[in-house]
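Asker: One structure is given below, represented as structure tokens, and several questions about it will come after.
Throughout, read-outs are computed from the coordinates displayed, never taken from laboratory work. Because the structure is a prediction, the values reported are computed rather than measured. Backbone-built Cβ (ideal geometry, glycine too); neighbour counts: all protein chains shown.
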Amino acid sequence: MSQTHPLDRPIWNMLTGRQAHIVEGDARAVRIDRGYGPFGAAAEQNAEAQAALAALISDDGELWIVEGEPWPVPAGASEVKRAVLAQMVAEGPPPEPRPNDPDIVALTDADAAEMAALADHAKPGPWGPKTHLYGPFFGVRENGRLLAMAGQRMLMPGMAEVSGVSTWADCRGRGLARALIGHVMRAMVARGEQPFLHSYADNAGAIALYEALGFRIRREVHVLVLAKR
């Protein structure tokens with residue numbers, strides 16, 4: 001399919017590029033290792049590629065498609081939901097730490113259960129038993145409790161996606177997400193990568209926070225969630 005920028009087809013370019021080592025499928029269609037989550041993409045919209053995409057849907061799970069334009073439902077699959085995302089790219093230098101920012105720690109495999117519980121509560125997007133292995137994740141702890149976290153997911157040439165931003169409901173309003181996103185952005189920029197992210201297009205509060213941190217909306221992209229028919 002034609003495209004003018006890697007982010008026009010983020011999942012396809014993620015899974016056939018820097019993260020091709022954690023996929024299953026072939027040249028017609030791919031999906032990420034099921035432990036990482038449900039993302040998949042087809043090379044084309046023709047019948048052969050669409051059939052290969054449908055074959056990658058778990059019998060008891062979902063497959064999430066993210067494309068620059070609405071994607072058709074393959075034969076043998078059913079539509080669970082559609083949504084529109086604001087795709088945002090950071091412009092300029094990352095925000096500097098603020099004097100009142102909390103201490104931020106690197107999260108590891110030892111934190112996986114707490115991270116999964118926080119993701120289940122905050123619903124930052126699909127989360128699986130290996131999602132925390134996408135790349136560096138960071139958190140804020142207080143009295144041993146993990147209050148908030150943020151990390152990365154999709155990797156493109158010269159770009160990395162801020163993802164998994166989560167805060168327990170009783171800990172919101174303290175600037176934890178802002179501090180964590182800034183920390184993740186600075187780590188990406190230090191590696192020579194431009195941060196980007198996705199937010200549901202109707203989440204005005206989140207978009208306002210991201211804009212305050214230097215992100216600007218690049219375009220809308222479309223999510224299609226599929227299940228076996």
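Asker: Using a Förster distance of 35 Å, how high is the FRET efficiency between HIS21 and ALA117, based on the Cβ-Cβ distance and rounded to 0.05?
Answerer: E(calc), rounded to 0.05, equals 0.80.
Asker: When a/c is below 1.5 the answer is rounded, else prolate if a/b is larger than b/c, else oblate, so apply that to the range 84-159 with a ≥ b ≥ c taken from the square roots of the Cα gyration tensor eigenvalues.
Answerer: Oblate shape, in that a/c is at least 1.5 and b/c is the bigger or equal ratio.
Asker: In addition: Rg/Rh for the range 143-193 to two decimals, with Rh computed the Kirkwood way over all alpha-carbon pairs. Could you put the intermediate results ahead of the total?
Answerer: On the way: Rg = 12.3 Å, Rh = 11.8 Å.
Checking Rg against Rh, the ratio lands at 1.05.
Asker: Can you bin the range 107-229 into rounded, prolate or oblate? Criterion: square roots of the alpha carbon gyration tensor eigenvalues sorted a ≥ b ≥ c, rounded for a/c under 1.5, prolate for a/b above b/c, oblate for the rest.
Answerer: rounded
Asker: What list of ³J(HN,Hα) values in whole Hz, one per residue of the range 139-149 in order, does the Karplus curve 6.51 cos²θ - 1.76 cosθ + 1.60 (θ = phi - 60°) give from phi, with Gly and Pro shown as x?
Answerer: Rounded to whole hertz, the list is x, 10, 10, 9, 6, x, 8, 7, 8, 7, 7.
Asker: Still on this structure: Give me the net charge for the shell around VAL165: Cβ to Cβ below 13 angstrom, other residues only, Lys and Arg +1, Asp and Glu -1.
Answerer: Result for the neighbourhood of VAL165: +3.
Asker: Please list 3J(HN,Hα) in residue order for the range 64-81, calculated via the Karplus relation 6.51 cos²θ - 1.76 cosθ + 1.60 where θ = phi - 60°; whole Hz, with x for glycine and proline.
Answerer: 9, 9, 10, 9, x, 10, x, 9, x, 6, x, 4, x, 10, 10, 7, 8, 6
Asker: Enumerate the aspartates and glutamates that LYS81 could reach by cross-link, defined here as Cα to Cα under 12 Å, with residues fewer than 8 away along the same chain left out.
Answerer: Excluding near neighbours in sequence, the set is GLU62.
Asker: With both partners inside the chain, how many of the DSSP beta bridges are antiparallel, as a percent to the nearest 5?
Answerer: Here the share of antiparallel DSSP bridges comes out near 90 percent.
Asker: Just order 87-96, 27-36 by mean Cβ neighbour count inside 10 Å, highest at the front, would you?
Answerer: 27-36, 87-96
Asker: Kindly express, to the nearest 10 degrees and within the range 0 to 90, the angle between helix 112-122's C-alpha long axis and the longest C-alpha principal axis of the chain.
Answerer: Relative to the chain, helix 112-122 is tipped by roughly 80 degrees.
Asker: Another question about this same structure. How charged is the neighbourhood of LEU146? Take every other residue with its Cβ under 15 Å from the Cβ of LEU146, and add Lys/Arg as +1 and Asp/Glu as -1.
Answerer: Spelling it out: positives minus negatives among the neighbours equals -3.
Asker: Right, something else. For helix 176-190, report the angle its Cα long axis makes with the longest principal axis of the Cα atoms of the chain; keep it between 0 and 90° and round to the nearest 10°.
Answerer: 70 degrees
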